[in-house]
Every structure is written in C-alpha cells, then in structure tokens.
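Below: the structure, in structure tokens.
The values are calculated or read from the model by the stated rules, or taken from the named source; none is laboratory data. Since we're looking at a predicted model, the values are computed, not measured. Positions of Cβ are generated from backbone atoms using ideal geometry, with glycine treated the same way; all protein chains shown enter the neighbour counts. For the accessible areas, the whole protein counts, side chains as well, though only heavy atoms, and no ligand, DNA or RNA atoms are used. Shrake-Rupley method; radii C 1.70, N 1.55, O 1.52, S 1.80 Å.
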There are 2 protein chains.
Amino acid sequence: MQIEIDKPILEYNQQLAEQNRMALSRENVLMINIMASPGAGKTSLILSTIERLKDRYRIAVIEGDIASDVDAQLVKAQGVAAVQINTGGACHLEAAMVAKALDALDLHQTDLVIVENVGNLVCPVEFDLGENLKVLILSIPEGDDKPLKYPSIFAEADAILLNKIDAADFFDFDQKAFADSVLRLNQSAPIFALSAKTGEGLDAWVGWLTDAAGAL
Amino acid sequence: MQIEIDKPILEYNQQLAEQNRMALSRENVLMINIMASPGAGKTSLILSTIERLKDRYRIAVIEGDIASDVDAQLVKAQGVAAVQINTGGACHLEAAMVAKALDALDLHQTDLVIVENVGNLVCPVEFDLGENLKVLILSIPEGDDKPLKYPSIFAEADAILLNKIDAADFFDFDQKAFADSVLRLNQSAPIFALSAKTGEGLDAWVGWLTDAAGAL
C-alpha cells in the first residue's frame, strides 16, 4: 500500500543532486535544506537567521512553494537574493528545480544558500537536492508525537530546530519525550529549542550553522 | 517542474472511490475525509466530535498514518471502532486502502465513518476516497497565509475548521484576511473557528455535520 517512486526518477534526481553539490563545492558555498510542516516557521526562521548572519556571509535563499511568491518577497525585503520555485502541485523540491535556481544565482558571490522546501514532513526527505545539511523544523503546537508518525524525516535530519518554544506553556509539549523519540531515530542531530519570533535560543542554532560553514 | 501522477493511477483510484461510495450509500453511511497538516489537531478534533456524537450515531474511524498506531489506540480508548492504515511512506490515503479498511468494519452497524488522512496539505486532495465530505483543518499557529500556499486543498474542502482558536491571542493570525483568501478559492465551504481542546465553537461544527448526516 505504498506509492513506489520510480527508481529511475530517484536515480536521475541523485545525479543532478551530485552535480549541484559539485557546483557548490567549487565555489565554496554551503547549502542547507530547510524542511518542516506548513506553518512550522520556516520563513521566520530563515529571516531571523539572515538577520544574524548577513553581515558575516553573503546569503541567498531558494524558496519552494506549491504556489505564490509571498516568502521570496519577504526575503528580498531583507536585501538578500531570493529565487522562487513554484512546484505547481508537487509536494517537494527536486534537484533539477534547485539546479535551475542555482543557475540564477551568482555562486561566486555567495557563501550560504538556504533552501526552503515545500511544507511537508513526508515527501521532501526522499529527494536529495545536493545540500550539505538537512535541517528539520518542528514547532511546539504540532505536538511531541511527530517523530513516531514521520520517522524518516527525523532520522535524516542533521539538525532539528524546535520552534515556537515561547508557546511551550500554552501547549502540552513534553520536551523530554520528544528528545527520547528523536534519539531512537537519530543519534547525531542536535535539537535546538528556539523561537524565531522572540529570538530565544537562536544563538545556539546560528553558532552551529557558523561552525558548519567554517568546516567547508 | 511538476511531478505528474500517472493518469491510470488516478483513474484506477477513482473507480475504487466510486465503489467505496456505493458500498457506503447502500448502508446509508456518511463518510468524511479529514485532512490537515501534521499537528493541526486532526485526532483531537475527531475525539471531541466522537464525544459529542457517540450517543446519537454509531461511529467508526479509519486512521491513516505513515507509521505507528498511536491515534487508533486513542480512538479505541473511546469505545469506538478504529482501523489503522499504515501507508508505509506514502503521503496520502488512497481509495484502495480505504476499501480494505471498510471491509474490516461492519457498515450495517455504522452511521458515520471518519477518515483521518495522513498529515499533509498537498497530496491527500488528489485522491478521492469515496467520501461524502472533505473536511480541512487549519490551526491558528500555522498562519493565515496558508490558502495562498496550498490553494487546491482549500478549494476542494466542503468545510474548513480553524482549530486552536484558544491560541488566537498568542499568534498573529488575521481571521479576516484568512476568510478573504479562502473566499477567493472556495465560495461554498463554511469556516468554523473552534478549539478541539477547550470545546469552544464545536457546537456549530457538530451541528453542520449532523445536518449533513441527516441529508443522506
């Protein structure tokens, strides 16, 4: 009872992902792939991250959406290069879409590319985009049981951001149970509890990202 | 840049959906398909709805999840028949999965089947399950811009539940802007602002559902 994604599609995607990775590596650019449910706070997290890093790195953003370019407009308002990809119905980005977006950017003048994937905890994890790091955002109102329900994306993440921590008192989110569930799926990804809105906890995340960029 | 779902897959799904619809109609059963993002409150809404309707209707629940059966266990604890479907990775339910679940239920002894789809605002809307009504839940923390980003599911819904309204003061959710965006996509679906947690606004939704069941 599973939709099998055609193996040739995934193999073709993987080839293009490797090409993206090589193009980025040639220019010493770090690319991160931000994945989350709709409304978990991908765009606000990206905007807060840009705010803290824009004096240090030359940043570009690739915005994936089913429709609309509202997020790309928000990013451009921050004075950062942004390319919008409308997937026209597809529930995830693919390496081919990102390749076109990278072509539209001046990688030679870029240090960090932030990709905002389509809001979805299922499909995006299947498609390598050529990124260096996969970053998963879960928000407090979504509930602490999400690792049980969407194990693949928790298993694959290089870092997990627990957003809207300022709303922790309002929702019954058991951070200990959440961390335990994550640990059963993924022993290496750090969990950063933070609020893109209030700024709480952002330093640790930005520090981790800076370390990752430095390791390039 | 769109993944085309094979036409034969959708045509086959449509045939099975019609078979489901006929099987339900023969037994005078209403089936609703509940769709939402992960963590929007599908399970809590279903539990609150069961609480209010279980003395009036014989209810069964079909739980769709990528993995785990935590939701089905919660439903069964309410004394209601529940069938779990694990999609094993797929981001939506299909009519064939629901057909098997319906086989496992005694439809002759059932008035209302509530289907909880996989948490996702993209894929579920493509697949007719044979339901009478599509119900979309959006929760306040997800933000008021979601109709712009996920237009298809808002366009197809027969009713839209705006959940976690008790958190409205905490998040900057513009209900007027949200209603306007919905109206541009869908002129017929009512919007019920409610909280599955506090019970606020549930009467209007349950009344609407009761009217729909009465119209069968």
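Just give me the residues in segment B:103-133 being within 14 Å of another protein chain (Cβ to nearest Cβ) and more than 27 Å from B:LYS149 (Cβ to Cβ), in sequence order.
Taking segment B:103-133 and keeping what is within 14 Å of another protein chain (Cβ to nearest Cβ), we get B:103-104, B:116-127, B:129.
Hits for segment B:103-133 are B:ASP103, B:ALA104.
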Exercise. Of all residues in segment B:134-175, which are away from chain A (no Cβ under 12 Å), assigned to a loop (DSSP other than H, G, I, E, B) and open to solvent by 10 Å² or more (accessible area, probe 1.4 Å)?
Worked result: B:ASP158, B:ASP174
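Just give me the residues in segment B:34-85 being within 14 Å of another protein chain (Cβ to nearest Cβ), within 23 Å of B:GLN109 (Cβ to Cβ) and either open to solvent by 10 Å² or more (accessible area, probe 1.4 Å) or aliphatic (A, V, I, L, M) (or both), in sequence order. Spell out how you get there, then give the answer.
Step one: filter segment B:34-85 for residues within 14 Å of another protein chain (Cβ to nearest Cβ), giving B:35-45, B:47, B:62-74, B:83-85.
Those still in the list that are within 23 Å of B:GLN109 (Cβ to Cβ) too: B:47, B:62-64, B:69, B:71-74, B:83-85.
Hits for segment B:34-85 are B:LEU47, B:ILE62, B:ASP69, B:ALA72, B:GLN73, B:LEU74, B:VAL83, B:GLN84, B:ILE85.
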Problem set entry | Residues (closer than 16 Å to A:PRO151 by Cβ and hydroxyl-bearing (Ser, Thr, Tyr)) located in segment B:47-86 | B:SER68
Problem set entry | Test for A:LEU194: is it more than 10 Å from chain B (Cβ to nearest Cβ), under 25 Å from A:GLU63 (Cβ atoms) and touching a Phe, Trp or Tyr at 6+ places or on another chain (Cβ under 7 Å) | yes
Exercise. Restricting segment B:86-97 to residues that are open to solvent by 10 Å² or more (accessible area, probe 1.4 Å) and either hydrophobic (A, V, I, L, M, F, W, C) or touching a residue at least 40 places away in the same chain (Cβ under 8 Å) (or both), which is nearest to the other protein chains (Cβ to nearest Cβ)?
Worked result: B:CYS91
For this session: Give segment B:182-200 a look and list any residue that's open to solvent by less than 30 Å² (accessible area, probe 1.4 Å) and either assigned to a loop (DSSP other than H, G, I, E, B) or over 18 Å from B:LYS164 (Cβ atoms) (or both), or say none.
Result: B:ASN186, B:ALA189, B:LEU194, B:SER195, B:ALA196, B:GLY199
Seminar exercise, completed: Among strands (runs of 3 or more DSSP E) completely within segment B:1-110, the ones holding 3 or more residues that are more than 14 Å from the chain's Cα centre (by Cα) and of a type outside the set (Phe, Trp, Tyr) are B:81-86
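Given the criterion in contact with a Gly (Cβ under 6 Å, 6 or more places away or on another chain) and on the phi > 0 side of the Ramachandran plot, identify the matching residue among B:GLY143, B:GLY199. Please lay out each step first, then the result.
Values: B:GLY199 fails: in contact with a Gly (Cβ under 6 Å, 6 or more places away or on another chain).
Every option except B:GLY143 fails the conditions.
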